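Inspection log for the structure reproduced underneath, given as C-alpha cells.
The numbers here are math on the coordinates, done by the rules we state, and not lab data. These numbers come from a predicted model, not from an experiment. Cβ coordinates were reconstructed from backbone atoms using ideal geometry, including for glycine residues, and neighbour counts include every protein chain displayed.
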Amino acid sequence: MSVKPTVIVIGGGVIGCSIAFYLAKCGVTTIVVERGRIGAEASAAASGLLGPSSGDQPYDELATNSYNMFPRLTEELEELSNIPTEFFTCGMLEVAITDPEVLDLSKRFTALRLAGIETSWLEPREALDLEPQLTQNTVGAIYMPNISRVNNRQLCDAFAISSLKMGAEFRHGVEVTGLIKDGQRVIGVKVPGDKILGDKVVIAAGAWTGTLGASMGLEHFQSPYGPLAKYAPVYPVRGQNTNLQPPQSGLKVALGYQDGVFVPQSNGSIVAGPTLEEVGFDSRVTAGGLRYILNLATTAIPSLENSNINWTIAGLRPSTPDELPIIGSLPGFDDLIIASGHHRSGINLSPVTGKLIADLIIGNPSPLIKHFSPTRFLHT
C-alpha cells in the first residue's frame, strides 16, 4: 500500500482551508502555514454570493460544478465544525433603470437562457412585487432563482475547524521565507528560525502568490507589482465592500445593479459592493470607494439612504492575466502546486478547487484541471 504524502499548504484563506479539508478527508497529513490569521484577507472581504456560470467553456464547468457542491458540503461542514455557514438559496434580481441598461440586460438574459441558466424576464411591477425596496424607476429586470449566498467568513472558519478535527495542523503567524530543495525536488519550506518538511507544497497565498513565488527563487519577471513568478503571475485587485443595516427590513433577494451586488445577510443587513481597483498592494478602505458603492446602492435601493454602516472592509483579490484561476503543478515541479488567481470567485470556487488539488495529490487528477494549469504561461 502506498504511503500518503505530507502536504504543506501556504495560505490560510478559503482556498487553503478548502484544500486542507479535502486532503484531510483523504487521510493526507496536512500543515497549513498562514502568516496572519485564518481567512483574514480577501476571504473576509467577499460578499458570499454563489451561482453557476453561463457558457460552455471549462471555467463555466468549473464554477457550476463548485456551486453544485455547496448544499451537501455546507451540511457536512456544519455537522463537523458546529459553525453555521448560513448557506441559503435567496435568488437574485439584476435590474435596469435606464433604457440603455435595458438593452444590455436583455442581451445578458438571452445569453443566460442559451446557457441553460434558469432565468425569467420581469416587467417593473413584477420586479417590485418580488423586491418592494427596489427603486420605482426600475424599467426591467431578470430573475435567477438558483442564486445562493453563504457567510464567507464562517465558511472559511468551518473549513478550518473541520480540517483540524480530521487531523490537519494550522500554524498561525508564521511566514514562509523560502523553499527547501533536494536537487530538483521541493521537500519543504523555510520559516523564521525553523523549517517545515513535507512531500508536496501548495502555494495558495491569494494575491501574494506571484510575489511569494518570486521571493522563493522561482523563475520570475518584473511587473508593476514587483517581481512575479512566471508560472504564477498573480497580482492584486482591491475590492471594497460595506455592510449596511437598513432602517426597516432587509432585502428579500440578492440584487445586481451595474457592477454592484447587494447581498442579504441572515441578520437583516446587506453586504454592498464591490469596487475593482488595480492599486497594487494597497488594502485601504477609501472615501472614493465607499462613495462609489453607496451611490450604486442608494440608486437601486433608495431606502438605504437612511441605513447604518455596520462595517467597511477591503481585500486584495488574486487576479491573473487571462482572468482564470491557476490550479496545478508548476512546470518541472510535480511536488510544487499552485492554487490561486480566483479573483472575485474565491468563495464560489473554493469547494471544487480543494477537491481538484486533493485528487491531484492522491494521484487521481480530474481531466478538468488541465485547463487551469500553470503550464499555460510557458510561452508568455
*Arrange 144, 92 by Cβ neighbour counts within 10 Å, fewest through most, would you?*
144, 92
*What GluC sites (Glu not before Pro) does the range 144-231 have in DSSP loop regions with at most 15 other beta carbons within 10 Å?*
175, 219
_Explain nothing, just compute: Karplus ³J(HN,Hα) = 6.51 cos²θ - 1.76 cosθ + 1.60, θ = phi - 60°, for every residue of the range 252-268 in order, whole Hz, x for Gly and Pro._
7, 9, 6, 10, x, 9, 6, 8, x, 10, 10, 10, x, 10, 5, 8, x
*So what is Rg over Rh here for the chain, counting just Cα atoms and using Kirkwood for Rh?*
0.98
*How would you rank 26, 17, going from fewest to most other Cβ atoms within 10 Å of each one's own Cβ?*
26, 17
*Sorting 362, 338, 38, 15 on the 10 Å Cβ count, fewest up front, what's the list?*
362, 38, 338, 15
*Read phi for every residue in the range 317-334 and hand back ³J(HN,Hα) as whole Hz from Karplus 6.51 cos²θ - 1.76 cosθ + 1.60, θ = phi - 60°, with x for Gly and Pro.*
7, x, 10, 9, x, 9, 6, 10, x, 10, 9, x, 7, 6, x, x, 9, 5
*Enter the mean projected area of the convex hull around the alpha-carbon atoms of the range 192-242, in nm², rounded to one decimal.*
5.3 nm²
*Past 18 Å, Cα to Cα, is the threshold; run 181/355; 200/355; 4/195; 25/165; 230/355; 4/25 against it and keep the listed order.*
181/355; 4/195; 230/355
*How large is ³J(HN,Hα) for each residue in the range 359-375, as worked out from phi by the Karplus curve 6.51 cos²θ - 1.76 cosθ + 1.60 (θ = phi - 60°), to whole Hz, x for Gly and Pro?*
5, 4, 5, 8, x, 10, x, 6, x, 5, 5, 4, 6, 10, 5, x, 5
*Amide H within-cut-off set for residue 122, under 5 Å, with H built and near neighbours excluded*: 141, 142, 143
*asked:* Show me the GluC sites (Glu not before Pro) within the range 266-325 that DSSP assigns to loop and that have at most 15 other Cβ atoms within 10 Å of their Cβ.
replied: 278, 323
*Using Cα-only point scatterers and the Debye equation, what is log10 of I(q)/I(0) for the range 1-122 at each q in 0.12, 0.15 Å⁻¹, rounded to two decimals?*
-0.66, -0.91
